[in-house]
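The values are calculated or read from the model by the stated rules, or taken from the named source; none is laboratory data. Quick caveat, the model's predicted, so the values are computed rather than measured. So basically every Cβ, Gly included, is an ideal-geometry build from the backbone, and we count neighbours across all protein chains shown. Ligands, DNA and RNA are stripped out before the accessible areas are found, and what is left, the full protein with its side chains, is counted by its heavy atoms. Shrake-Rupley method; radii C 1.70, N 1.55, O 1.52, S 1.80 Å.
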Amino acid sequence: MALPDVFLDTSWSMQYIPRIRKLASEPHAASTRQLQALSAECYQHNQSRGRLEPWDELKDESERTGQLRECHISQIWPHSMALDVMQERRCLGLSIETRYQKTTYQVLLLARRSLSIDECPLTAILYKASQSNVKHIKDWLNYKFGIPSAGPLQLPQDLLPRMCSSYLTVLTENWTVEDNTNVLRQATLKQALGNLKLTIAFSSATGTEIAPKLKTLDLDLPSETINSLLEKTRQIAGAHDTIRPTFLDELARAIHGKTGLKLPLNGSLSADAGLDKRQVTGTREAAQDGKDLTITSEPPLKVTKITCAAFAISIDGKLKFASKPIENAEVVGYQEKVVRSAYWQMLDLVRAEAERRGIEHNNVQ
């Protein structure tokens, strides 16, 4: 699967949709005429909601946006270069554009990874819009299709490194024989990744006596370093069938060797990853007193944001894919569809997390 252009060069905020029974009608499966009708209905709903809300001088958006002109709803399809002749085209979701005189807001509705006849086909919302606009869109989706109100999709700290590793894995798996030289690999990584910056947050678990004013730390890893780690990973995996260290393992070792920091990049909350054993004991003791055993202390160090020339992801539910690595593909010598496929693998991990959160939401209710 290859990421379509609609996702590129936009900093998206994300929400998950609670898992519910199948809707009376499926918005993502609408025909062209039905999409036009839905666009008109969405426009009317947004316009009426705007008139009904009390005017607030401090929160008035009309000067910044101008008047509402139209709403345009369209289906999202995979990029055409990823589709083989025999491959079935599958709609990835819906794009809802709310067009004003001075700006355009956009909301993307993502379909589930596997559709069931008994469930709602949508799993997540990506949006670049004001809070009031998103609220109006969600109100309309609930009114029209019975889709419940979505919640913020905050990403687990271990998901960010896995998304980064997934992107790099797709790149390296698609290197051809001609690419299998250090110079060509380095040129590819420089254009398709650039420097990799990890933002690390320190929690109170590190102790007040250790750099009490240090809240975050940025680690900047050049593409040359990433290339060396990828090559080391590949060599070890090829030499020892029973020892297959992941890229994240090698990255964690390299960071520890250079800085002394032990980062739980694979999601491990062990003492080796920097977790204070005293906090684990305290948690168990609290559980023996009748408190919730599932509550655990957060790790003293965690990756909260990863940025590079290709993407930016953060645990607060922000995501951005850049078009530049795609535009530079043919010039440098790597394939555009490889970058699009790598992007899609990252987005697929987000969809999986949204589905997990949707199920979790229902279990709590």
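Filtering Ser268, Ser323, Ser297 for residues that are out of contact with any Lys or Arg (no Cβ under 6 Å at 6 or more places or on another chain) and at pLDDT below 50 leaves a single hit, Ser268. A single member of Lys190, Lys197 is modelled with pLDDT of 90 or more, within 22 Å of Ala322 (Cα to Cα) and either in contact with a strand residue (DSSP E or B) (Cβ under 9 Å, 6 or more places away or on another chain) or of a type in the set (A, V, I, L, M, F, W, C) (or both), and it is Lys197. Tallying residues that are surrounded by fewer than 18 Cβ atoms within 10 Å (Cβ to Cβ), aliphatic (A, V, I, L, M) and assigned to a strand (DSSP E or B) within segment 307-362 yields 1. From the residues in segment 159-185 that are over 23 Å from the mean Cα position of the chain (by Cα) and open to solvent by less than 30 Å² (accessible area, probe 1.4 Å), which one is modelled with the lowest pLDDT? Once the filter is applied, the top-ranked residue is Asp179. If the condition is being farther than 21 Å from Glu63 by Cβ and not in a strand (DSSP E or B), then segment 91-107 contributes Cys91, Leu92.
Scanning segment 115-172 for residues that are within 28 Å of Cys308 (Cβ to Cβ) and part of a strand (DSSP E or B) turns up Thr123, Ala124, Ile125, Leu126, Tyr127, Lys128, Pro152.
When segment 105-131 is limited to residues that are loosely packed, with under 15 Cβ neighbours inside 10 Å and of a type in the set (S, T, N, Q), the one that is modelled with the lowest pLDDT turns out to be Ser116.
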